[in-house]
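Novice: For reference, the structure I am asking about is given below.
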Amino acid sequence: MCQLCHVKSSPWVARRGFLLAMGAAAAEPVLAQVDVGEASRLRSLVPAQELELAAAQQYTQLLQQARAKNALAPESHAQVQRLRAIAGRLIPQAPRWNQRASNWRWEVNLIGSQSINAFCMPGGKIAFFTGILDKLQLSDDEAAMVMGHEMAHALREHARARIAKSQATGVGLSIAAQLFGLGQLGDVAANVGTQLLTLKFSRDDEIEADLVGLELAARAGYNPDASVSLWEKMQRAAGGAGGPAFLSTHPAQPDRIRRLQENVPRVRGLYQQAVGRR
């Protein structure tokens, strides 16, 4: 793993990986600069706490496996500190999109792998693979766009909605019936296993994550133009053998860069305000 920039120390409490308990006072909801509409109501059919518990357990298992293979970067690693510094600026923006996020116990870890990939599980469990940092040579702004995108999937609760939809279809349950009792869907969250790591989001989910992530990063003082340069790098990497693993669950639609370019001006003022406050 290569060593990157040194970052300032943080007052957060680290335990095992990186645990951050946000304060009880969540930010008040604000009007968004990007237009993504309301979050899917399907998510209410899968209990959030159960899903987040399952995610935490799966995340812990993943870290244990990485540690056993000497692939879990230590807390002193420069890239780990770099990612946590980025997270420290993004996480305070999260309750704007989901007030429950103010009570999540966020974790950020780095796993040694050539895979070009990253994820954020329900409840704020974030992991980057060294491949996405090293192979794409991500700047801090670009890494913030990746992290913001992944956080957006969790904040918009795309996993809850996708699991609810797939399970309701698979077991033939009507949504109307579930509103009066979760039934089988109530047990799904505890049995998702590795599905959380391989879940394929819809095109609409990806659009939301792109735009919400863009605004999160801009509010945190990261240059919104990096969203475009990031996906340009992804496109170039996709031309290689096999392409990035990131693209297996985050398909590169032809209009992705165009849509980001259209939305960059909408958040540029937020970015400039954030930079002015720093």
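The values are calculated or read from the model by the stated rules, or taken from the named source; none is laboratory data. These figures come from a predicted structure and were not determined experimentally. Neighbour counts are summed over all protein chains in view; Cβ atoms, including those assigned to glycine, are modelled from backbone coordinates with ideal geometry.
Novice: Regarding residue 143, is this residue crowded, with 22+ Cβ neighbours inside 10 Å, assigned to a helix (DSSP H, G or I), hydrophobic (A, V, I, L, M, F, W, C) and modelled with pLDDT of 95 or more?
Specialist: Answer is yes for this residue.
Novice: Does segment 57-67 contain at least one residue that is modelled with pLDDT of 85 or more, among the β-branched types (Val, Ile, Thr), loosely packed, with under 15 Cβ neighbours inside 10 Å and under 27 Å from residue 129 (Cβ atoms)?
Specialist: yes
Novice: Can you go through 119, 180 and tell me which one is among the aromatic types (Phe, Trp, Tyr), modelled with pLDDT under 95 and in a strand (DSSP E or B)?
Specialist: When all the criteria are applied, what remains is 119.
Novice: Go through segment 42-62 and give me each residue that's free of Cβ contacts under 8 Å to residues at least 60 places away in the same chain and either among the β-branched types (Val, Ile, Thr) or under 14 Å from residue 126 (Cβ atoms) (or both).
Specialist: 60
Novice: Quick one: in segment 111-139, which of the residues that are within 13 Å of the chain's Cα centre (by Cα) and among the aliphatic types (A, V, I, L, M) is nearest to residue 49 (Cα to Cα)?
Specialist: In this case the residue turns out to be 121.
Novice: Next question, about the same structure. Tell me, which residue of segment 90-111 that is among the charged types (D, E, K, R) and buried (at least 20 other Cβ atoms within 10 Å of the Cβ) is farthest from residue 57 (Cα to Cα)?
Specialist: Restricting to residues being among the charged types (D, E, K, R) and buried (at least 20 other Cβ atoms within 10 Å of the Cβ), the top hit is 96.
Novice: Looking at residue 142, is it under 13 Å from the mean Cα position of the chain (by Cα) and of a type in the set (Asp, Glu)?
Specialist: no
Novice: Answer yes if at least one residue in segment 2-10 is out of contact with any strand residue (DSSP E or B) (no Cβ under 8 Å at 6 or more places or on another chain), surrounded by 15 or more Cβ atoms within 10 Å (Cβ to Cβ), small (Gly, Ala, Ser) and at pLDDT below 85, and no otherwise.
Specialist: Among the residues of segment 2-10, not one is out of contact with any strand residue (DSSP E or B) (no Cβ under 8 Å at 6 or more places or on another chain), surrounded by 15 or more Cβ atoms within 10 Å (Cβ to Cβ), small (Gly, Ala, Ser) and at pLDDT below 85, which makes the answer no.
Novice: Do we have any residue at all in segment 78-97 that's in contact with a Phe, Trp or Tyr (Cβ under 7 Å, 6 or more places away or on another chain), of a type in the set (Lys, Arg) and either under 27 Å from residue 33 (Cα atoms) or without any contact (Cβ under 8 Å) to a residue 60 or more places away in the chain (or both)?
Specialist: Yes - at least one qualifying residue is present in segment 78-97.
Novice: What number of residues within segment 73-93 are in contact with a strand residue (DSSP E or B) (Cβ under 6 Å, 6 or more places away or on another chain) and not in a loop (DSSP other than H, G, I, E, B)?
Specialist: Total satisfying the criteria: 6.
Novice: Right, here's the next one. Somewhere in segment 269-278, is a residue modelled with pLDDT of 55 or more, aromatic (Phe, Trp, Tyr), surrounded by 14 or more Cβ atoms within 10 Å (Cβ to Cβ) and within 16 Å of the chain's Cα centre (by Cα)?
Specialist: Looking for residues that are modelled with pLDDT of 55 or more, aromatic (Phe, Trp, Tyr), surrounded by 14 or more Cβ atoms within 10 Å (Cβ to Cβ) and within 16 Å of the chain's Cα centre (by Cα), one finds none in segment 269-278, hence no.
Novice: A further question follows. Output the residues belonging to segment 248-265 that are modelled with pLDDT of 60 or more and either among the aliphatic types (A, V, I, L, M) or out of contact with any helix residue (DSSP H, G or I) (no Cβ under 8 Å at 6 or more places or on another chain) (or both).
Specialist: Once the filter is applied, which keeps residues that are modelled with pLDDT of 60 or more and either among the aliphatic types (A, V, I, L, M) or out of contact with any helix residue (DSSP H, G or I) (no Cβ under 8 Å at 6 or more places or on another chain) (or both), segment 248-265 yields 252, 254, 255, 257, 258, 260, 262, 264, 265.
Novice: Quick one: how many residues across segment 66-110 are closer than 26 Å to residue 48 by Cβ and either of a type outside the set (Lys, Arg) or in contact with a helix residue (DSSP H, G or I) (Cβ under 9 Å, 6 or more places away or on another chain) (or both)?
Specialist: The qualifying residues number 25.
Novice: Report, by residue number, each residue of segment 94-116 that is among the small types (Gly, Ala, Ser) and part of a loop (DSSP other than H, G, I, E, B).
Specialist: 112, 113, 115
Novice: If you don't mind, another one. Output the qualifying pairs, or none if there are none: Cβ atoms under 6 angstrom, residues six or more apart or on different chains, first residue in segment 214-232 and on the phi > 0 side of the Ramachandran plot and modelled with pLDDT of 95 or more, second residue in a loop (DSSP other than H, G, I, E, B) and surrounded by fewer than 19 Cβ atoms within 10 Å (Cβ to Cβ).
Specialist: Close Cβ pairs (under 6 Å, with a partner that is in a loop (DSSP other than H, G, I, E, B) and surrounded by fewer than 19 Cβ atoms within 10 Å (Cβ to Cβ)) amount to 221/278.
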